[in-house]
């Protein structure tokens, strides 16, 4: 069976990528008969060791696929990790009776996990949500032969090749050509740069004297209105509101019920009616 498939231990793409790639390249490729025997052992006997050996033998294949997605600006180690998840899902679902090699079956699962990872992390704002957009997202880069915008003929050719509408090609091309910018990024000191973060366009009016005067006047109006409204309540209603809402040590409904010799429900009703009267008087005075 060639090189023995030993566990990688703590070695992972994130720890030392070069050492990881070298390690997985040392695992020998399984023959068709070896792969079928291991797959049957896993499928019929649920042999975990067989699953491990199948996974180890195909890790180099995941690295090969992950490298084809280097153009999206994401760490290769992360892409490999996601692809490994897809490989494990494929091994778990692989049926040796279908008569196909594991590598042919696993490619879909590996790419699906990598695609999902890229779509979640490539942009703050999602660039591909529909099926047509996702197809364009992963094919438009390869379809463009140059950095310039597609001509009308090129856009039509891409649309026909991917079986989507031309407007979708144009829309995705625009999305891929844009970039993310932080809302509150610091001002760029480069005199040749014309980018200004959106937050710098907003004026901070908190220290504006007119705004401060308006806020102070509004607070004073509310305080005076509340005092006048409270003064027009009967003694019991005013005391209940003060004890329930305006005192540092707030009283409970049961505390006030015991003091006035009524039920807690009656205190709640008095409180509700008093608050309604205060609100009405304050609105009328505004």
Looking only at segment 262-276, decide whether some residue is over 18 Å from residue 223 (Cβ atoms), modelled with pLDDT of 90 or more and not in a helix (DSSP H, G or I). yes
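Mind telling me which of the residues 226, 233 ends up being touching a residue at least 40 places away in the same chain (Cβ under 8 Å) and outside any helix (DSSP H, G or I)? Working first, answer last.
Numbers: 226 fails: outside any helix (DSSP H, G or I).
So the residue among 226, 233 that is touching a residue at least 40 places away in the same chain (Cβ under 8 Å) and outside any helix (DSSP H, G or I) is 233.
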Count of segment 277-286 residues which are loosely packed, with under 12 Cβ neighbours inside 10 Å and closer than 14 Å to residue 234 by Cβ: 0
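The values are calculated or read from the model by the stated rules, or taken from the named source; none is laboratory data. What you see is a predicted model; the values in this text were computed from it and never measured. All Cβ positions, even for glycine, are placed from backbone atoms using ideal geometry, and neighbour counts span all protein chains on display.
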